[in-house]
1. Which Rg and Dmax, in Å, describe the Cα atoms of segment 3-104?
2. Tell me, what is the FRET efficiency for residue 92 and residue 38 to the nearest 0.05, using R0 = 30 angstrom and their Cβ-Cβ distance as r?
3. Calculate, in nm to one decimal, what residue 136 and residue 57 gain on full extension: separation in residues at 0.36 nm each, minus their alpha carbon distance.
4. Work out, step by step, the length gained on full extension between residue 47 and residue 73: first 0.36 nm times the residue separation, then minus their alpha carbon distance; give nm to one decimal.
5. Sorted by mean Cβ packing within 10 Å, highest first, what order do the peptides 87-100, 48-61, 22-35 take?
6. Could you give the nm distance between label points at residue 127 and residue 28, where each point is 7 Å from its Cα heading toward the beta carbon?
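Any read-out appearing in this document is the output of simple, stated calculations on the displayed coordinates, not a laboratory observation. Since this is a predicted model, take the numbers as computed values, not measurements. Here the Cβ positions follow ideal geometry from the backbone for every residue, glycine too, while neighbour counts run over all protein chains shown.
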Amino acid sequence: MRFFIFDGMPVKEKLRLDKYLWAIRLFKTRTIAATACDTGKVKFDGSQAKASKNVSIGDEYEVKTEAKRWRIKVTGLLEKRVAASEAIKSYIDITPEEEIQRLQYQAASFHTGKRQSKIGRPTKKERRDLDEFQGD
């Protein structure tokens, strides 16, 4: 098996796609990454990429996660999951500008379901204060 050095870390020359997507932190687990590949959420040259596909430097992938549609270009191979600050050195985000703008628009209109402060129903403390004020 051949290795090369990337940022002081030995790295394999061949690496499975699901393992790479997990290592660069696009997916939380390798199982989720493999499932995404199997369900067509990862594409290489416009067609579905299998989880067992070997990743090479220079490859470009379209990856659909819950949060974003990524377009990435592989610049380095990681055998193990590393810190996010290290992981971003192994790919280049080439996501089109329209997709980034669409995400920013969605984030601005995103509702978490949490009540905004001082709007809507009173809190327990506010309700006690009201009851005390009203003499109940």
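1. Cα-based Rg and Dmax for segment 3-104 come out at 12.9, 40 Å.
2. 0.75
3. Residue separation times 0.36 nm, minus the Cα-Cα distance, leaves 21.2 nm.
4. Length gained between residue 47 and residue 73: 7.8 nm.
5. Most protected by this proxy first, the peptides run 22-35, 48-61, 87-100.
6. My value for the distance between the label points is 3.2 nm.
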